Structures are given as C-alpha cells and as structure tokens.
Amino acid sequence: MLRRLATLIVGIGLATAAVPSTTAGGVTCPSPLPMGADQVALDPADFVGRIDNAYLPMAPGARWTYRETDPEGARQRVDVTVTSRTRSILGIDAVVVHDKVTARGQLVENTFDWYAQDACGNVWYMGENTKEYEHGVVVSTAGSWEAGVDGAQPGVIMPAQPQVGLIYRQEYYAGEAEDAATILGLDEHAQVPFGHFRDVVLVKEYTPLHHRFLEYKLYAEGVGMVLAIAVSGGSDREELVRLDSPPA
C-alpha cells in the first residue's frame with residue numbers, strides 16, 4: 001500500500017533539481033546528475049570498492065527475492081544476488097549483480113547488471129548483459145549495453161542524496177536503453193510480504209523509447225527496492241518477500 005501516492009502523482013512537478021556540489025575526500029560530486037544523452041567522463045579514482053548507499057546497499061552475498069504478479073494472477077519469481085565478482089568498465093571495477101527471473105521453475109530472464117559507487121555515494125549503472133528465454137532457448141538480448149561501448153553512457157540508479165524533484169538518467173544506449181527517473185517522495189510507506197516500511201523513497205521510472213511505459217519503485221533505507229508497480233504499459237506488481245543478508 002502506498003500512502004499519498006495519488007496526491008504525489010498529481011502534485012509534484014518535473015522541474016530539474018540540481019545536486020549540491022559537494023566534496024568527499026577531495027572528490028567533486030557530479031552536479032547536476034546526467035540526463036538524456038549527456039556525455040560523462042568518469043574518473044576511476046573517484047570510485048570506491050563497496051556499494052553502501054543507504055537506499056541501495058549491495059554487499060557481496062546479499063540476495064533479494066521478489067514475487068511479481070500480473071493482473072491475471074500469474075506469478076514469477078525474481079532473485080537478485082550480489083556476486084563477489086567485478087567487471088572492469090571504463091577502468092572502474094563494477095560489481096556484478098545477477099538477476100534471474102523464473103516462472104514455475106523455468107528460466108524466463110537471466111541478467112548480469114554492473115554497478116559502481118562513487119566516493120560521494122551515487123550508485124552508477126554501468127551496463128547489463130541480459131537474455132530472455134522461451135522453453136529454455138534464448139529469444140532476445142534486447143536491452144544489453146555496456147558503458148563506453150558503441151556510444152553507451154553510464155547512468156545513476158540511486159543518487160547519494162535523494163531529493164524530491166530530482167531528475168536523472170539511469171542508462172543510455174541510443175535506441176536500446178534510455179531509462180530515466182524522477183524522485184517523487186522521501187517519506188512514503190510500503191507494505192509487502194517482507195514487512196512494512198516507513199520513510200521510503202518513491203521513484204518514477206520511464207523511457208522515451210516507450211512513451212506508455214511508467215513504473216513506480218519504492219526503496220527502503222538499509223534494504224533497497226521493496227516494491228515496484230507498473231502503472232502504464234503494464235500493471236505488474238513486484239514485491240519483496242525475502243532478504244538474505246551476507247554474514248557480518
């Protein structure tokens with residue numbers, strides 16, 4: 001359940017909000033965050049070896065299990081696991097995250113996402129290798145991209161300091177992957193099988209490649225994404241049912 005979601009959808013404008021220009025250990029934080037086809041030049045020296053953003057922590061060994069349900073009641077299971085592997089992208093050691101979707105035990109989608117965090121706390125999306133399956137056979141790799149390859153640019157999946165009205169791109173590979181996001185709220189509530197969460201960040205996701213697509217995602221501090229609701233271009237609901245944290 002979302003508190004005040006309808007009010008937020010109607011009442012919040014989409015004006016760009018700049019991120020304050022701050023420094024962390026002598027590193028200048030990006031201001032503003034990239035949008036659209038903006039070119040960015042990331043310095044590997046500005047990145048850290050861990051991802052501990054408050055709203056998207058990714059400790060190696062952590063696993064989130066989600067239940068995705070469509071309007072007809074069909075269910076899929078989504079397992080997201082932070083591996084101990086990294087991939088060098090633009091000279092940056094990006095964390096490899098495995099995202100597997102199954103339906104009745106059959107593989108539907110198998111994706112390896114690549115993320116990295118800068119010293120200011122922004123989590124950057126560096127690319128993905130994704131495959132869709134039917135009856136055990138790969139039928140599509142659409143949406144795969146890697147920053148620095150064929151003009152693809154990295155984006156931000158979670159800012160260091162979420163602010164209402166902040167707009168940023170999540171990925172950019174012309175004609176293939178152009179997702180963007182706007183932060184709509186910082187103090188929402190979400191009820192999912194894993195529990196009830198307060199003060200969650202509400203993010204609106206969309207893409208110019210499919211104008212009818214619109215999805216809302218909610219992120220809880222110390223947990224990550226707890227709920228995703230497609231409100232246009234689909235009406236699936238993806239909710240967190242289990243979180244396995246790595247040993248301390």
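The values are calculated or read from the model by the stated rules, or taken from the named source; none is laboratory data. Every value quoted in this text rests on a predicted model; they were computed, and no experiment measured them. All Cβ positions, glycine included, derive from the backbone under ideal geometry; neighbour counts span all protein chains shown. What goes into the accessible areas is simple: the full protein's heavy atoms, side chains included, and nothing from ligands, DNA or RNA. Shrake-Rupley method; radii C 1.70, N 1.55, O 1.52, S 1.80 Å.
Tabulated data for the structure shown
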| quantity | calculated |
| --- | --- |
| The range 225-247 - residue that is small (Gly, Ala, Ser) and modelled with pLDDT under 95 and, of those, least open to solvent (accessible area, probe 1.4 Å) | Ala230 |
| Residues of the range 112-129 satisfying the condition of being assigned to a strand (DSSP E or B), crowded, with 20+ Cβ neighbours inside 10 Å and not charged (D, E, K, R) | Trp114, Tyr115, Ala116, Gln117, Val123, Trp124, Tyr125, Met126, Gly127 |
| Any hit, the range 114-123, residues being of a type in the set (S, T, N, Q), farther than 22 Å from Ala59 by Cβ and out of contact with any Gly (no Cβ under 9 Å at 6 or more places or on another chain) | no |
| From Ile51, Ile89, residue being in contact with a strand residue (DSSP E or B) (Cβ under 8 Å, 6 or more places away or on another chain), within 30 Å of Glu134 (Cβ to Cβ) and touching a residue at least 24 places away in the same chain (Cβ under 8 Å) | Ile89 |
| Residue check for Val138: β-branched (Val, Ile, Thr), open to solvent by 30 Å² or more (accessible area, probe 1.4 Å) and either touching a residue at least 40 places away in the same chain (Cβ under 8 Å) or in contact with a strand residue (DSSP E or B) (Cβ under 6 Å, 6 or more places away or on another chain) (or both) | yes |
| Tabulated pairs, the range 210-229, first over 15 Å from His189 (Cα atoms), second among the basic types (Lys, Arg), C-beta under 8 angstrom, 6+ apart or interchain | Leu214/Lys204; Glu215/Lys204 |
| Residues satisfying the stated conditions in the range 214-224, i.e. open to solvent by 50 Å² or more (accessible area, probe 1.4 Å) and on the phi > 0 side of the Ramachandran plot | Gly222 |
| Entirely in the range 52-103, the strands (runs of 3 or more DSSP E) that have 3 or more residues that are surrounded by 16 or more Cβ atoms within 10 Å (Cβ to Cβ) and of a type in the set (Val, Ile, Thr) | 75-89, 92-103 |
| Residue check, Asp150 of a type outside the set (Ser, Thr, Tyr), under 17 Å from Leu227 (Cβ atoms), more than 15 Å from the chain's Cα centre (by Cα) and open to solvent by 40 Å² or more (accessible area, probe 1.4 Å) | no |
| Enumeration of residues in the range 235-248 that are in contact (Cβ under 8 Å) with a residue 40 or more places away in the chain and of a type outside the set (Lys, Arg) | Ser235, Asp236, Glu238, Glu239, Leu240, Val241, Leu243, Asp244, Ser245, Pro246, Pro247 |
| Spans of strands (runs of 3 or more DSSP E) in the range 160-248 with at least 3 residues under 25 Å from Glu72 (Cα atoms) | 180-192, 195-206, 214-220, 224-232, 237-244 |
